[in-house]
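A.B. asks: Dumping the structure here so I can ask a few things about it.
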Amino acid sequence: MEEETIIDVSDTNEGFDSRRDIHRPPPNDTIVQIVCSPQMKCVATITHMDAAIAETWNGVPTYGDDDDQLFKEANLWSVVENSDGSEELGLKHEVTIKGHQINEPRSTLWAVSDDMYIVFKTNYFYYNFEVFNAKGKRKELYFPNEHNVVNQLDFIKTGELIVALIEPVRCIYVFKLDQYNEWACSYRLELSYFCDAFITVEGKLILFDDKLFQLTIWDIITLTFEINYLIDWCYKVKHVEVNEGGEFLAVHAAYVQGENENTKKSMVYVFSLETGINIAFREYDERTIIDKIYFIAYDAGERLLIVSRDQFNDEPTTHLMNPFALKNPVPATKLFDTDVKIRDPYIIKFDNVIGLINGELAIYERLVRKDWIHYLRNDLDDYNRIFVISDSIYITKMIKDELSSEENIFKKSLEFPLGKTPLNYDGSFLRWNLYSTPSNKPKFGPRLEIEALLCYKVDQDKIEWRPIDGIYKRAINPSFPPPEHTKRLKIIECKCLDNDDLLMLTTLGILIWTVYPPKGIRLHYYWGRGKISNEKEFNIGSIFLGIGDYPKIFPESKFLIIIKNKSLKFGGEERSFFFKELLEDYISDKFFMVNYGSILIEAFLFLKEDEWVEKFCKACHDIIFTADSLKSASNIQLLTIIIKVLPQLLQRNSAYLNKFLSQIAFVMPLADPDPVFILDSEIVEASSTPHLCHFGTYNLTKRTSPLFDKFRRRFGYKIEVPQSPPADDTPSLNEFRKLLLKIQSNNWNELEKPKISPIILKAAKIEE
């Protein structure tokens, strides 16, 4: 029996130590690939032979330029806690699969499961993968046909193996382990067309169509279509990454031309998985080659890590960016410049680096530092915006601690020092001062002001706090209309959040203040207090409603209250309209529009705010058709927010809707029955929309069971998919009009999630 081997990555005061009981490969061995299981329970690695000893393979001489890439062995490791009692993770060696056990001398790792199954990718044209279990024994997958070419396969966290076939037919197979530990097909999903498939650990199937240049997401378990994403014309998707919370999708796509797929430039997109709208994108020229993309620090302050290299230099470079903007990349060399040496190959899983650490295979768990925000600001000089999960959890706890459940009132308020001394709340690079000074009208309470100061380093050991650019000091007392004009604003608690915003729990509600250069201090968020009523616009005595845990972003603001009270004055003589400013900032922020735009436009329509509806539509147009946004056609999906409310817009403001539609163009793509690109044709060169000069179809799906497949093969039964009818059998104009009338006026979702056209269904019946 092979002796168990533990890789120790215990943390000591002297730094990372992985010297005890290390599995040390022979000198000629080199780890070239690492794959991790969905829930990080297992890790698989492969090593290649040195060219000097790779003379034959199974008795057959090997020749060519790729001799140094011959498969030597694969090792399977389980992730365990170290035996010394520390919380650090280690790797326990389970099994070694030698090269002679695999039929293909140049195999690569494809996937590994949490149950210790390994899948290898081979180059056989009729069956391009092999499956082994934890004992190193080959396991078979049974398909209806002997010839099966897999485009993609992977394990998901529930244990199923998802296989995407492209030959002999395009379909998805779902395999489960039965009681005999054999992989049995539970069902399959037939598809009309896809170019490449990607599978997430959550069971999402992402299909790329190189005819329509779009990504389509299906839920494999429920077999439901979720959403699609537009990719720029001639960009082929190379890699996708879903963040830990499952809210955002990062896509790396490379520009290709013709069948040789010579890469010229590439794009990185971030989409919302909920709405399907492009949040941000970044273009890279042909000199930069993207190797890896990762979401990291989900809990502490999420960032997108991009590993790239120059086409003339193999030295990797790393950058961090705010995934919701993809601007101002920050060099992340210091992130890997630690007490250990990390080199390729490595992967990042749940913020853990799995790879060659100090020359040995190990797990490094300290990529995301403990004080992550402070590290970003002070060590990496990353001053981009940060979203932190812990903030919403803290707000919920703070409300529940301070709110009296019996009387629905707060039990205390902040106590200010005597004189003009403010209360200070320091962040990583901002200091907030809260002032309370006597008012000219004592019955209205003291005058409350906030001030924002920016940290400047005078020298190595000295800093100064200087006023920010823009409005750096603002009075925050609300001027309520009667009968609440004598109500005082009481601040219950204040805190500077991890992202340097100032949180206030007040009798008015939850207020979060931020700094927008060059505007200065702005109200960033409002939630909790007040309600709409016929008697008065704002009820400061109402209770907090809907208090709960929100795992990622704050719940949507109380838009109805904000819109209804947009004319509420703050600050007395200064006459600031914080709620109005908040609405203006919301409709000009792309990230906000993607996440909350649908809710906001519905609130405007409900309150019959026609002026703000027009401002909202204009803001959508301006976001899409700016010079930067026009670099990517995927931004057009922001219009789906308006498409969803087109019936309401048509009823309330048809004149403006006509004006708005005249500002945008709906173009019918040229029909090209030949799937070959027509990039160099004269038609495309003359077209104003060359990215639309192609024809494609949406996937039609059908779920079948293995039992039905056996029945069909046994009795020769075959399901025919309706094809397009001849030209002379197309519906008449009168039939065409009747079919269009069957589409209800409220079915605007068809524009976002199209179904099979009733015209096509009618044509199929005519053909029969």
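The values are calculated or read from the model by the stated rules, or taken from the named source; none is laboratory data. Just so we're clear, the structure is a prediction, and the values are computed from it rather than from any experiment. Here Cβ is always computed from backbone atoms with ideal geometry, including for glycine, and neighbour counts include all displayed protein chains.
A.B. asks: If you take the residues in the stretch 210-230 that are within 15 Å of ALA197 (Cα to Cα) and among the hydroxyl-bearing types (Ser, Thr, Tyr), which one is surrounded by the fewest Cβ atoms within 10 Å (Cβ to Cβ)?
C.D. replies: My answer is THR216.
A.B. asks: Would you pick out the residues in the stretch 197-242 that are of a type in the set (D, E, K, R) and over 21 Å from PHE281 (Cα atoms)?
C.D. replies: Within the stretch 197-242, GLU202, LYS204, LYS211, ASP219, GLU226 meet the criteria.
A.B. asks: Can I ask one more? Does GLU202 satisfy being surrounded by fewer than 16 Cβ atoms within 10 Å (Cβ to Cβ), under 25 Å from MET40 (Cβ atoms) and acidic (Asp, Glu)?
C.D. replies: Spelling it out, GLU202 is indeed surrounded by fewer than 16 Cβ atoms within 10 Å (Cβ to Cβ), under 25 Å from MET40 (Cβ atoms) and acidic (Asp, Glu).
A.B. asks: Can you list the helices (runs of 4 or more DSSP H) found entirely within the stretch 586-658 that contain at least 2 residues being within 28 Å of VAL251 (Cα to Cα)? Quick ask: steps written out before the conclusion?
C.D. replies: Values: elements: 590-606, 610-624, 640-643, 646-652.
Answer list for the stretch 586-658: 590-606, 610-624, 640-643.
A.B. asks: Sticking with this one: Restricting to the stretch 362-386, and then to whatever is under 13 Å from ALA297 (Cβ atoms) and β-branched (Val, Ile, Thr), can you tell me which residue is surrounded by the fewest Cβ atoms within 10 Å (Cβ to Cβ)?
C.D. replies: The selected residue is VAL368.
A.B. asks: Of all residues in the stretch 198-237, count the ones that are outside any strand (DSSP E or B), at negative phi and not aliphatic (A, V, I, L, M).
C.D. replies: Qualifying residue count, the stretch 198-237: 7.
For (1) modelled with pLDDT of 80 or more; (2) in contact with a Phe, Trp or Tyr (Cβ under 7 Å, 6 or more places away or on another chain); (3) in a strand (DSSP E or B), each residue gets a yes or a no:
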position	(1), (2), (3)
GLU73	yes, no, yes
LEU76	yes, no, yes
GLY85	no, no, no
LYS92	yes, yes, yes
ILE97	yes, yes, yes
ASP115	yes, no, no
VAL119	yes, yes, yes
PHE125	no, no, no
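A.B. asks: Pick from LYS349, LYS334: which is under 22 Å from the mean Cα position of the chain (by Cα) and charged (D, E, K, R)?
C.D. replies: Of LYS349, LYS334, the one residue that is under 22 Å from the mean Cα position of the chain (by Cα) and charged (D, E, K, R) is LYS349.
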